[in-house]
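The values are calculated or read from the model by the stated rules, or taken from the named source; none is laboratory data. Source: prediction; values computed, not measured. Here the Cβ positions follow ideal geometry from the backbone for every residue, glycine too, while neighbour counts run over all protein chains shown. Surface accessibility is based on the protein's heavy atoms, side chains included, excluding ligands, DNA and RNA. Shrake-Rupley method; radii C 1.70, N 1.55, O 1.52, S 1.80 Å.
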Amino acid sequence: MTKGAGRMGNQNSTAKALGMGAGAGLLVFTLCSTFLQGPSLSLSSNDDDESSGLIMSTTAKSIFSSAASIEEEGKDRIISHRSISWECLSTAHVRDALNTTENVIVVMPAKAAGTSLKKFARDCNPNTTENLQHVLEDKDRYYKLLTKSWDMPGVYVSHYWKPEMLSRLLRSTSRHTLVVYIHREETSRFASAAHHVLSQWCLHGPPMPQWGKFFDSVTGNNDAKKCIVHESQLVKGLKKRPQEMTMGTIELLTCETYTAISEYAPNMIFMNYKQASTLQNLLGEKYCPRLVDHTNRIGKGSEKVFVQLSDGSDRSVTLTEWLEKKSAYMEWALGLNDHASCLVNTRRMEDSLGSCDGEFLNARAVLN
């Protein structure tokens, strides 16, 4: 090994021992070498031992402080280069974006207009979409996109519920693909999911045995069914977030997702779920004109679930009334954000989306 190589090895060893990067490690190695080899340092015992120790201690502190400062500065530089700009888009801009891409992938959490748009996609691409309906929902079956059908769908719609599914999509799509993420604020989305899940339980019973006898009473049949649940039992159920309740914004819009946007720069638009009909018409204009102005609406049906209050009044209210009354405290009381990450980015996106007249937002990766 040459002398230069030996020195480099010592530098790397120093950096690793201190948990520093190469730049900071080089500074420590160079300064320490100069300090220890300098003519002013005496290792013999004399009256100046105490002052020499003080000088060494002070100098060492200065060296390590400088190294740490450089290392931290390097980290800040890396972070500062990653950001996302949010740009409001008009309907005309969205139309232009659709016309300049080859295909569109629309994704969303549960209860964000996904069911109606899935039906639209099946009607728009009847020969391909049905066979591919669940491919994008399972990472182990992505390759089947290339073998399931000779004709590839121009529009693909899928519910997502895991951050790695969305981040992989954003990392892997080509420059000719447009990804549309349909957003719904989490408290609103969660309340809708809770209403949907519990209404289904009332009609068909809880799907999992561990839920046992969830309702205190069930009367009537089919659409005339009426189910009563005690308030305390309801809250226990909501805290567990079963089924669609857990397929939410918190699970999808994470640091992993925002990093994928900033580092891979996908063609991506965020939109409010209330604009699903507008999106459907824009997609129809390009891919299936026969479906323009043909909106798929999912009926709400009659109220089935009622909540027995715990205040001793022996009063019951509809589940819809209960969710609306408690909504302001829902996220806090149920800990809906306990496992959230990079929520500040989601808040900023929501603020930007709310300021847009058309409620469409371009997500653009930028370098600072």
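Here are a few things to note about the model shown:
- K274 falls short on exactly one of the conditions (1) out of contact with any Leu (no Cβ under 8 Å at 6 or more places or on another chain); (2) farther than 30 Å from N99 by Cβ; (3) assigned to a helix (DSSP H, G or I), and that condition is (2).
- Count - residues of segment 244-274 that are modelled with pLDDT under 90 and surrounded by fewer than 18 Cβ atoms within 10 Å (Cβ to Cβ): 1
- The condition of being within 19 Å of R364 (Cα to Cα) and of a type in the set (K, R) holds for only one of R171, R184, that being R171.
- Scanning segment 343-368 for residues that are of a type outside the set (D, E, K, R) and either over 30 Å from C88 (Cα atoms) or surrounded by 15 or more Cβ atoms within 10 Å (Cβ to Cβ) (or both) yields a total of 13.
- Count - residues of segment 220-232 that are at pLDDT 90 or above and open to solvent by 50 Å² or more (accessible area, probe 1.4 Å): 3
- Any chance T219 is in contact (Cβ under 8 Å) with a residue 40 or more places away in the chain and among the polar types (S, T, N, Q): no
- The residues of segment 135-166 that are of a type in the set (V, I, T) and modelled with pLDDT of 70 or more, listed by number, are T147, V155, V157.
- If only residues of segment 249-271 that are in a loop (DSSP other than H, G, I, E, B) and not hydroxyl-bearing (S, T, Y) are counted, the one that is farthest from K118 (Cα to Cα) is A265.
- The set of residues from segment 312-342 being over 30 Å from T91 (Cα atoms), touching a residue at least 60 places away in the same chain (Cβ under 8 Å) and outside any helix (DSSP H, G or I) comprises S316, G335, L336, N337, H339, A340, S341.
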